[in-house]
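Take a look at the structure set out below.
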Amino acid sequence: MFTLFPLLLISYSGMTNHEIKINFQSYDTIHELSKPDLDLCREAVKAMENSHSPYSKFRVGAALRLQSGKIVYGSNQENVAYPSGLCAERVALFHYGAYYPGDPIEAMAVTAQSDEFEILQPTASCGACLQVLAEYEKKQNKPIEIILFCNSGPAWVMNSVESFLPFLFFEKGLGG
């Protein structure tokens, strides 16, 4: 029994600790952003007006700025047969993929508002939306700036979806 102890130590000797850090810019309000980013945030607020969220009363708006300058909108769309609804980010991204696939996405702005409580900091996109965003970054071989913001609060700017998902799901064996 005593001789097993050194074997256990040896079996764990290959363990290495890793640390992941993310970088993002934080602003007190959207009014500190560049004019193109501020304008995109205003478009996300407009997109939120079309939210269909009678169950959660949590409205989300997303706006994509394409290389051509075109803006693509998305808002969350709930359904009584949960989970048949769709998040604002995926609504915008799938609309983009269907109608503008050759016009690269430069940036995406996302905001949320609740009828039930005050939102004091930006709301991060869900994992499914981030994975879809990662797919579009990969497809266009170019990062997409992501702006998360509160209407009357801070804004966070990330340079890529990798700030959220450092271990993106991409299996090289899939898709050829």
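Coordinate-derived values only; no laboratory data. Owing to the predicted nature of the structure, the values given are computational and were not obtained by experimental measurement. For neighbour counting, all protein chains shown are included, and Cβ atoms are generated from backbone atoms with ideal geometry for every residue, glycine included.
The table that follows gives values for the structure above.
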| item | result |
| --- | --- |
| Among 162, 116, 137, residue whose mean-square fluctuation peaks in a GNM of the chain (springs only between Cα atoms under 10 Å) | 116 |
| D (Stokes-Einstein, µm²/s), Kirkwood Cα radius, the range 34-162, 1.567 mPa s at 4 °C | 90 µm²/s |
| Length-normalised contact order of the chain in % [C-alpha pairs under 8 Å, at least 6 apart] | 23 percent |
| Which of 73, 27 has the fewest Cβ neighbours within 10 Å, and the rest in rising order | 27, 73 |
| Residue with peak Gaussian network fluctuation, the chain [Cα springs, cutoff 10 Å], from 22, 144, 119 | 22 |
| Diffusion constant of the range 47-103 at 20 °C, which comes from Stokes-Einstein with the Kirkwood Cα-pair radius and 1.002 mPa s, µm²/s | 185 µm²/s |
| Between helix 35-48 and the chain: long-axis angle, C-alpha atoms, 0 to 90°, nearest 10 | 80 degrees |
| Gaussian network model of the chain, Cα within-10 Å springs - most flexible of 120, 93, 64 | 120 |
